[in-house]
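See below for the structure under consideration.
The values are calculated or read from the model by the stated rules, or taken from the named source; none is laboratory data. What you are looking at is a predicted structure, and each value in this text was computed from that prediction instead of being measured. Here the Cβ positions follow ideal geometry from the backbone for every residue, glycine too, while neighbour counts run over all protein chains shown. Heads up: the accessible areas ignore ligands, DNA and RNA and are worked out on the full protein's heavy atoms, side chains in. Shrake-Rupley method; radii C 1.70, N 1.55, O 1.52, S 1.80 Å.
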Amino acid sequence: MAKPSVSASPSSTPLLKDELDIVIPTIRNLDFLEMWRPFFQPYHLIIVQDGDPSKVIKVPEGFAYELYNRNDINKILGPKASCISFKDSACRCFGYMVSKKKYIYTIDDDCFVAKDPTGKEINALEQHIKNLLCPSTPFFFNTLYDPYRDGADFVRGYPFSLREGVPTAVSHGLWLNIPDYDAPTQLVKPLERNTRYVDAVMTIPKGTLFPMCGMNLAFDRELIGPAMYFGLMGDGQPIGRYDDMWAGWCIKVICDHLGLGVKTGLPYIWHSKASNPFVNLKKEYKGIYWQEELIPFFQSVALPKECTSVQKCYLELSKQVKAKLGKVDDYFNKLADAMITWIEAWDELNPSTATAA
């Protein structure tokens, strides 16, 4: 079948140059951008500074960017700033909210340019864009993975009625070197490194949840942005390192309900630094316990047909979180309230996308 055309020659304008923001949460100088300069410099950056707002974050020359610290967040959102986490990379979602672009790519500051098996540097952003601009196939699994890639197609037995696919809302990339492990796995496999480069992109099937990692992630802000809330984590909260997980479970059930696609696989980045497993365990231990109830909850979530927008889906999900997870721990009552506050803040900053609940 004919493949969607999303190629760009090196001399042409970068894909989606004026339609995509790169969101980076950080507490340090962004020297890592030098490595990414060939790929990122044409794009606009939104830097969300965590921690001490009086600290000056240095950004290499030549990048177009906006930088927001905690004082800025408080000024822009007022009382609603309570929904944005502090001292946790979950603060990145503020960048999603203030962006005016159609697409978002978010990356951590310890993620470097990876190389493919031939030694060629990987333009992770370009691959994410290709993933987002091609359809997804959540209703029937294709055994050659992404049928829209060059050299692949739908295999024999794939229903023709499903071959147009659905819009792709999320592109979830992976990592070479330091794997994204939880603290117990880090402790028992301290020297393990991911060296396996799998040249594949696949759609996560409808009804299947996945552990979403926020360090190499792209999404269509217009399709799923209001659901990409990274929750209440870090300072003053009983849990950390579940910000992207929470967002991933939420966006997946909403994408399934609205008929949108989520892809995972390429592109890879090089994850350079392993975080401290003992610090991670302190952040994660309640989440490791709670997730045994959270996963069945999300697996059983049913959104009514009246939920025809992301905002409506998310507000309904917040009600179910309060009703069913509030009994697990009072934290989930606070999180459900923060989910509502997030949507209110999103709609205030993005009135053209606001939808009455």
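For the reader, a short list of remarks on this structure follows.
- The spacing between segment 273-326 and segment 67-96, judged by their C-alpha centroids, is 21 Å.
- Couplings 3J(HN,Hα) of segment 147-158, computed from phi: x, 8, 6, 4, x, 10, 6, 6, 7, 4, x, 7 Hz, in residue order, whole Hz [Karplus 6.51 cos²θ - 1.76 cosθ + 1.60, θ = phi - 60°; x for Gly and Pro].
- By the Cα gyration tensor, the chain has an equivalent ellipsoid whose semi-axes, rounded to whole angstrom, run 28, 26, 22 from largest to smallest.
- Contour excess over end-to-end distance, with Cα ends at ALA354 and ASP150 and 0.36 nm allotted per residue: 69.7 nm
- DSSP beta bridges fully contained in the chain are about 40 percent antiparallel.
- Applying both filters, DSSP loop and at most 16 other Cβ atoms within 10 Å, to the trypsin sites (Lys or Arg not before Pro) of segment 110-192 gives LYS120, ARG156, ARG163.
- In sequence order, calculated HN-Hα J values of segment 14-28 (Karplus, 6.51, -1.76, 1.60; Hz; x Gly/Pro): x, 4, 6, 3, 9, 10, 9, 10, 9, 9, 10, x, 7, 10, 9
- Leading residue at positive end of dipole, segment 144-233 (Cβ point charges), from LEU232, THR208, ALA152: THR208
- Within segment 201-357: Cβ-based charge dipole about Cα centre, in debye rounded to nearest 20 (Lys, Arg +1; Asp, Glu -1): 380 debye
- DSSP H segments from the chain that extend 18 Å or more along their own axis, Cα-based, with Kyte-Doolittle mean of -0.5 or above: 243-258, 277-300, 331-349
- Considering all C-alpha pairs of segment 290-345, those separated by over 16 Å amount to 42%.
- Annotation: amide H of ASN69 within the under-5 Å range of GLN49, sequence separation 5 or more or interchain, hydrogens built in the peptide plane.
- Stretching the chain fully between ASP199 and ASP116 yields a gain of 29.0 nm (0.36 nm per residue, less the alpha carbon separation).
- Taking all protein chains into account, the per residue accessible area for the chain stands at 45 Å² (1.4 Å probe).
- Label point 7 Å beyond Cα of ASN276 along Cβ direction - residues of segment 84-102 with amide nitrogen under 17 Å: 87-89
- Each Lys and Arg adds +1 at its Cβ and each Asp and Glu adds -1 at its Cβ; summed about the Cα centre, the chain shows a dipole of about 340 debye.
- Spread of Cα-to-Cα distances over 10 Å intervals beginning at zero, given as percent, for segment 151-243: 11, 32, 34, 17, 5, 0
- Over 29 Å (Cα to Cα) - which of LYS206/LYS282; LYS189/LYS322; LYS283/LYS327; LYS100/LYS273; LYS100/LYS130; LYS55/LYS322 fall in this group: LYS206/LYS282; LYS189/LYS322; LYS100/LYS273; LYS55/LYS322
- Taking the protein heavy atoms of segment 1-151 in the context of the full set of protein chains, the accessible area attributed to carbon and sulfur is 52 percent at 1.4 Å.
- Potential lengthening between ALA64 and SER309 on full extension [0.36 nm per residue; Cα-Cα distance subtracted]: 85.0 nm
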